[in-house]
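The values are calculated or read from the model by the stated rules, or taken from the named source; none is laboratory data. Computed from a predicted model, the values in this text were never measured in an experiment. Here the Cβ positions follow ideal geometry from the backbone for every residue, glycine too, while neighbour counts run over all protein chains shown.
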Amino acid sequence: MALSRNKLYSIMFIACFAGYIWLYFGLSHEQSKDKPLEVCLVKHFTNIPCPSCGSTRSVLSLIKGDFNEAFGINPMGFLIAFIMFLSPLWIIVDVTAKKNTLFNFYQKIETYLKKPQLAIPLVLIVIINWIWNITKGL
Amino acid sequence: MEAQKVDMFIMSNGKFFESHQINVIRERLIALDDSKWAMISTIQFKDPTTSLIVSILAGSLGIDRFILGDTGLGIGKLLTCGGLGIWAIVDWFQIQKVTREKNLQKIQQFLY
């Protein structure tokens, strides 16, 4: 395992921080009614939405409390919102208490996800979600 | 181990490691017992070129990270569209180094 505890925590913390800034941008952009913000490389190059396209819109509608719309845009938004909400809190608790519960949890999850009986259904779910994304034309 | 065998190993597998690590690997291999040769010579390493190709083609889906065994980071890349495209581009330049580090970890299990 190459990833050390501190490296994992800083990556996750920076990612969540960047995510919150991105959400703030999305919120302020939404009110100005311009063309929607799109940075996805896959979509720019191929014109096909990627599996996680629309997750910003999904999280934004989650913030407004519209669960049905969030699910309709991209169900991955629920997962992202959950991780973004939970992981900074968990990291802060871990760092202040000088423990590594999150790191152990991450490693355990990683070994579970490598098992084929769990990995194959999850890959199928992602692909089905991708096909749905393409058909609804995000 | 015989120096000749070790040099043969280094010649055929040198591209899988960072150049500054090769000398250390060579010394360790020479100091190693001959009985481990069968194991050492059959380890499968990951090719940095392959991961670079995968990273360029499917990097924003995180597939390069999944292949290297970093499942957690792969999911992170998949969920965020390759870190809003930034992480995907950073990984085009980083993934070869990461692959070589993974290979070093793999051979280190046998060296020590």
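Kindly indicate which of B:Trp92, B:Trp87 is more than 8 Å from every other protein chain (Cβ to nearest Cβ) and buried (at least 20 other Cβ atoms within 10 Å of the Cβ).
Among B:Trp92, B:Trp87, only B:Trp87 is more than 8 Å from every other protein chain (Cβ to nearest Cβ) and buried (at least 20 other Cβ atoms within 10 Å of the Cβ).
Would you be able to tell me the number of residues in segment B:51-69 that are within 14 Å of the chain's Cα centre (by Cα) and at the interface with chain A (Cβ under 10 Å from one of its Cβ atoms)?
Looking only at that region, the number is 3.
Does any residue in segment B:65-90 that is without any contact (Cβ under 8 Å) to a residue 60 or more places away in the chain come within less than 6 Å, Cβ to Cβ, of a residue that is of a type in the set (S, T, N, Q) six or more places away or on a different chain, and which pairs are these?
From residues that are without any contact (Cβ under 8 Å) to a residue 60 or more places away in the chain, the pairs are B:Leu79/A:Ser52; B:Cys81/A:Ser52; B:Cys81/B:Ser60; B:Gly82/B:Ser60; B:Ala88/B:Ser60.
Got a sec? Which of A:Phe45, A:Phe25, A:Phe103 is within 11 Å of chain B (Cβ to nearest Cβ) and farther than 22 Å from B:Gly74 by Cβ?
The conditions single out A:Phe25.
From the list B:Lys36, B:Lys15, B:Lys5, which residue is in contact (Cβ under 8 Å) with a residue 60 or more places away in the chain and either out of contact with any His (no Cβ under 6 Å at 6 or more places or on another chain) or hydrophobic (A, V, I, L, M, F, W, C) (or both)?
Residue meeting the stated conditions: B:Lys36.
List pairs: first in segment A:102-116 and in contact (Cβ under 8 Å) with a residue 40 or more places away in the chain and assigned to a helix (DSSP H, G or I), second acidic (Asp, Glu) and crowded, with 16+ Cβ neighbours inside 10 Å, Cβ under 8 Å, 6+ apart or cross-chain?
Within 8 Å, the pairs are A:Leu102/A:Asp94; A:Phe103/A:Asp94.
Check every one of the helices (runs of 4 or more DSSP H) wholly within segment A:1-93 and list those with 2 or more residues that are more than 26 Å from B:Asp70 (Cα to Cα) and in contact with a helix residue (DSSP H, G or I) (Cβ under 7 Å, 6 or more places away or on another chain).
A:5-32, A:55-63, A:67-73
Before we move on, is A:Ile83 β-branched (Val, Ile, Thr), surrounded by 13 or more Cβ atoms within 10 Å (Cβ to Cβ) and out of contact with any strand residue (DSSP E or B) (no Cβ under 6 Å at 6 or more places or on another chain)?
Considered against the rule, which asks whether it is β-branched (Val, Ile, Thr), surrounded by 13 or more Cβ atoms within 10 Å (Cβ to Cβ) and out of contact with any strand residue (DSSP E or B) (no Cβ under 6 Å at 6 or more places or on another chain), A:Ile83 comes out as yes.
Looking at B:Lys46, B:Lys106 in this structure, which one is within 14 Å of chain A (Cβ to nearest Cβ), in contact with a Lys or Arg (Cβ under 7 Å, 6 or more places away or on another chain) and closer than 24 Å to A:Ala119 by Cβ?
B:Lys46
Can we say A:Ser52 is in contact (Cβ under 8 Å) with a residue 12 or more places away in the chain, of a type in the set (Ser, Thr, Tyr) and more than 11 Å from chain B (Cβ to nearest Cβ)?
Here the answer is no, as A:Ser52 does not meet what is asked.
B:Phe93: among the aromatic types (Phe, Trp, Tyr), out of contact with any helix residue (DSSP H, G or I) (no Cβ under 6 Å at 6 or more places or on another chain) and more than 18 Å from A:Gly54 (Cα to Cα), yes or no?
Yes; evaluated as a whole, the condition is true for this residue.
Right, A:Leu79: within 14 Å of chain B (Cβ to nearest Cβ), of a type outside the set (Gly, Ala, Ser) and more than 12 Å from the chain's Cα centre (by Cα) or not?
Criteria not met by A:Leu79.
Could you say whether any residue in segment B:74-81 is more than 10 Å from every other protein chain (Cβ to nearest Cβ) and in contact with a helix residue (DSSP H, G or I) (Cβ under 9 Å, 6 or more places away or on another chain)?
So far as segment B:74-81 goes, no, none of its residues is more than 10 Å from every other protein chain (Cβ to nearest Cβ) and in contact with a helix residue (DSSP H, G or I) (Cβ under 9 Å, 6 or more places away or on another chain).
Pick out the one residue from A:Ser4, A:Ser10, A:Ser32 that is modelled with pLDDT under 80, of a type in the set (Gly, Ala, Ser) and either surrounded by fewer than 16 Cβ atoms within 10 Å (Cβ to Cβ) or within 23 Å of A:Ile91 (Cα to Cα) (or both).
A:Ser32
Taking the condition in contact (Cβ under 8 Å) with a residue 24 or more places away in the chain, under 23 Å from B:Gln96 (Cα atoms) and in contact with a Phe, Trp or Tyr (Cβ under 7 Å, 6 or more places away or on another chain), does B:Ser60 pass?
Spelling it out, it is not the case that B:Ser60 is in contact (Cβ under 8 Å) with a residue 24 or more places away in the chain, under 23 Å from B:Gln96 (Cα atoms) and in contact with a Phe, Trp or Tyr (Cβ under 7 Å, 6 or more places away or on another chain).
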